[in-house]
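Below: one structure, written as structure tokens.
The values are calculated or read from the model by the stated rules, or taken from the named source; none is laboratory data. Source: prediction; values computed, not measured. We place every Cβ from the backbone using ideal geometry, glycine too, and count neighbours over all the protein chains shown. Side chains are part of the model used for accessible areas, which takes the heavy atoms of the whole protein and leaves out ligands, DNA and RNA. Shrake-Rupley method; radii C 1.70, N 1.55, O 1.52, S 1.80 Å.
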Amino acid sequence: MKQMQEKILEEGTVLPGGVIKVGSFLNHCIDTTLLAECGREVARLFADDGITKILTIEASGIALAVAAGMEMGVPVVFAKKHKTSTLDGSAYAAEVRSFTYGATYDVQVGRECLKRGDRILLVDDFLANGHALRGLIAIAFQAGAEVVGAAVAIEKAFQGGGDALRAEGLRVEALASIEAITDDEVIFRS
Ligand code: 5GP
């Protein structure tokens, strides 16, 4: 998606360790015009797939998930990273290794949020090694729901997580996919 690529080039910065900072428009401050456009694009890509629910992970996947969910007219569920008093021991749970924090944490979704037979679209802001999406896939599996595909705002293709999931048969769509980052250039996958 051209607008996402342009925004990354204009405002994105690269931190040590291959972390891309896009907090000025995607996951801290949010450019709502761009977000709405992203939601429309995700809805267009999966318009014919009978999606019944979007599943994402807090916090930074929620904005794109809601934008897409509103366009598609489907509910959004987000996996929680922290235990809350409203989640009992029966919640679906999976372990996720965080790329940005380098730690492992549990994500949980209440059983009432996902149903057997749901057709799930996974959504997140970034796809790097694929751990977050794999955690969500594990949760959907526990619920007996079908994962139809995944849509991310930015794929860091050079980390390989997206291609590994594609090789396993999952449809993965990225609004911008970064093939490589050099000292002075961001190279997008065409
Ligand atoms: P993965 O699990 O695919 O390795 O990483 C995806 C998750 O890590 C996303 O939920 C995202 O929040 C975070 N993440 C991965 N890479 C980046 C990055 O370069 N910048 C930011 N801001 N978050 C990232």
**Report entry** Single unsatisfied condition, residue 104 versus (1) without any contact (Cβ under 8 Å) to a residue 12 or more places away in the chain; (2) more than 18 Å from residue 161 (Cα to Cα)
**Finding:** (2)
Report summary line: Residue pairs within 8 Å by beta carbon, gap of at least six or interchain, first lying in segment 115-126 and under 13 Å from residue 51 (Cα atoms) and more than 16 Å from the ligand (Cβ to nearest atom), second at pLDDT 95 or above and of a type in the set (D, E, K, R), listed first then second, are 117/146; 118/53; 118/146; 119/49; 119/53; 119/146; 120/53; 120/146
Report task. Tally the residues that are in contact with a Lys or Arg (Cβ under 6 Å, 6 or more places away or on another chain) and touching a residue at least 40 places away in the same chain (Cβ under 8 Å), restricting the search to segment 24-57. Result -> 3
Query raised in the report: Of all residues in segment 77-98, which are open to solvent by 40 Å² or more (accessible area, probe 1.4 Å) and either in contact (Cβ under 8 Å) with a residue 40 or more places away in the chain or more than 25 Å from residue 155 (Cα to Cα) (or both)?
Result: 82, 83, 84, 85, 86, 88, 89, 90, 93, 95
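Just a yes or no: is a residue in segment 129-150 in contact with a His (Cβ under 8 Å, 6 or more places away or on another chain) and either free of Cβ contacts under 8 Å to residues at least 40 places away in the same chain or of a type outside the set (D, E, K, R) (or both)? Don't jump to the end; show me each part of the working.
Here is the first cut: in segment 129-150, the residues in contact with a His (Cβ under 8 Å, 6 or more places away or on another chain) are none.
No.
For segment 23-70, give me each residue that is part of a strand (DSSP E or B) and touching an Asp or Glu at 6+ places or on another chain (Cβ under 9 Å). Lay out the reasoning, then the answer.
So in segment 23-70, the residues part of a strand (DSSP E or B) come out as 53-57.
If the condition is that a residue be part of a strand (DSSP E or B) and touching an Asp or Glu at 6+ places or on another chain (Cβ under 9 Å), then 53, 55, 56, 57 are the ones that fit.
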